[in-house]
Amino acid sequence: MFRSATASSLASRFFISINHPRIAPLTIPLASFTNHAPIPANGTNHLHQNGSSKDDYNRRKQRTAGPLHFIAASSFLSWFSKKSDDENTPESQLITIIKRSILSIQKEEYQKAEQMLHLALKMAQDLQSKDGITYIYDIMANLAMEVGDFAKAEKLFVNVMQRLFSDGFLEDHIKMLHISSKVAHLAQLQGHLDKAAQGFEWTLAKLEEKLKQLGDDNGKEIRELWGITKNWYAQLLMESKRFAEAKQAFLQAYEAYTEIHGMLTEEGLTILNNLSVACSNLEDYASAERFLKEAIALAAQIPDLSEAGVYKANLGLLYLQQGLLRQASEFCTFAWRYGKQHKHEETVQQASYCLEQIKAMEK
């Protein structure tokens, strides 16, 4: 005889949430970088939300499509180019080393990148280039964040912020707000939740003030950073079991993200999945199902998206929570096969758990 699955019977499990909240761009002009760092949520059901530990962070990195993405900007490079167009000048050599270090990070050659950055730092110090030194520290901080050395990353970001302060930047300058958002996120990743909450709330308030001043047409970068920060903050709210607030924050983050980047992105689908997690914890199963089905439909339009199986598994687990075993079996079986086909371990594990629970309930 069947028995219903309840939230309490699944309390030891969580929905998977493959989090791609993009790390804010590099704060010093020359490049900007986006990445996806995870955040925890100790929910009350099997929908697995992100973890905040280093292990969770590293697992997230292994399942993303690639390493850090750096997009070259011109400000810092043009500063050097004004000095000399000769490729053999110390300034040009420094730029070349910085570029190579960024390329090494893109290739996930982190030790090589670290060595090149230390060389670049020595060169910048010899050149007495304040901007160069600050920018290199910023890259180092992002590299430390990427490899999961959160304490080192935080220390470096604080150093960058202090250097910017000494150069006359105000605390609400966009570069400073990028860093303050990251520092709050790093505090969260290290389990310092009160510190993280204060950092997020302060940063969001400053960004909202700027958006009011600039208006929607002139605040794209600020709007994007606001969305990134909202997403990280929503994950903190999940970890604090403030699910109603988390749901609202995820909705706001999703709106901000999709208006800038469109709907067919892994990051956007991740926010939808996290939104479903929040709804499930609120026992709003209809909304949780709606958001997951939307994620599944959009994922079908992104070729070879390995996380598509996770969304199917999560939908199966959502049905399992409600005692809908036939639907749960259908989606979890599909997810298991999809995970095997795409060699996506977390999908297989989540689907396997779901199928085991179904068998136990059918006895």
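Here are some notes:
- Filter pass, residue 270 being closer than 30 Å to residue 198 by Cβ and touching a Gly at 6+ places or on another chain (Cβ under 6 Å): no
- Residue 220 being of a type outside the set (Asp, Glu), closer than 19 Å to residue 175 by Cα, open to solvent by 20 Å² or more (accessible area, probe 1.4 Å) and touching a residue at least 40 places away in the same chain (Cβ under 8 Å): yes
- Residue selected from segment 313-363 under the condition among the aromatic types (Phe, Trp, Tyr) and under 17 Å from residue 273 (Cα atoms), by the criterion surrounded by the most Cβ atoms within 10 Å (Cβ to Cβ): 331
- Within segment 291-312, the set of residues being open to solvent by less than 40 Å² (accessible area, probe 1.4 Å) and not hydrophobic (A, V, I, L, M, F, W, C) comprises 306, 307, 309, 311.
Conditions (1) within 26 Å of residue 204 (Cα to Cα); (2) in contact (Cβ under 8 Å) with a residue 40 or more places away in the chain, marked per residue:
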position: 262; (1), (2): yes, no
position: 281; (1), (2): yes, yes
position: 285; (1), (2): no, no
position: 293; (1), (2): no, no
position: 298; (1), (2): no, no
position: 311; (1), (2): no, yes
position: 319; (1), (2): no, no
position: 322; (1), (2): no, yes
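- Counted residues, segment 204-217 - those being part of a helix (DSSP H, G or I) and either in contact (Cβ under 8 Å) with a residue 40 or more places away in the chain or of a type outside the set (A, V, I, L, M, F, W, C) (or both): 6
- Looking across segment 261-291, the residues that are within 16 Å of the chain's Cα centre (by Cα) and more than 21 Å from residue 322 (Cβ to Cβ) come down to 261, 265, 266, 267, 268, 269, 270, 271.
- In segment 171-203, the residues that are within 20 Å of residue 240 (Cβ to Cβ), without any contact (Cβ under 8 Å) to a residue 60 or more places away in the chain and open to solvent by less than 10 Å² (accessible area, probe 1.4 Å): 184, 186, 187, 196, 200, 203
- The residue of segment 89-130 that is least open to solvent (accessible area, probe 1.4 Å), among those that are touching a Leu at 6+ places or on another chain (Cβ under 8 Å) and either among the basic types (Lys, Arg) or in a loop (DSSP other than H, G, I, E, B) (or both), is 129.
- Scanning segment 153-169 for residues that are without any contact (Cβ under 8 Å) to a residue 24 or more places away in the chain and open to solvent by 40 Å² or more (accessible area, probe 1.4 Å) yields 155, 159, 161, 162, 165, 166, 168, 169.
- Looking across segment 229-267, the residues that are assigned to a helix (DSSP H, G or I), open to solvent by 10 Å² or more (accessible area, probe 1.4 Å) and of a type in the set (A, V, I, L, M) come down to 244, 251, 260.
- Qualifying position, being farther than 18 Å from residue 347 by Cβ and in contact with an Asp or Glu (Cβ under 7 Å, 6 or more places away or on another chain), among 271, 260: 260
The values are calculated or read from the model by the stated rules, or taken from the named source; none is laboratory data. Note that the structure is predicted; figures quoted are calculated from it, not measured. A quick note on method: Cβ atoms are made from the backbone with ideal geometry, for glycine too, and the neighbour counts reach across all protein chains shown. Quick note on the areas: whole protein, heavy atoms, side chains included, nothing else; ligands and nucleic acids left out. Shrake-Rupley method; radii C 1.70, N 1.55, O 1.52, S 1.80 Å.
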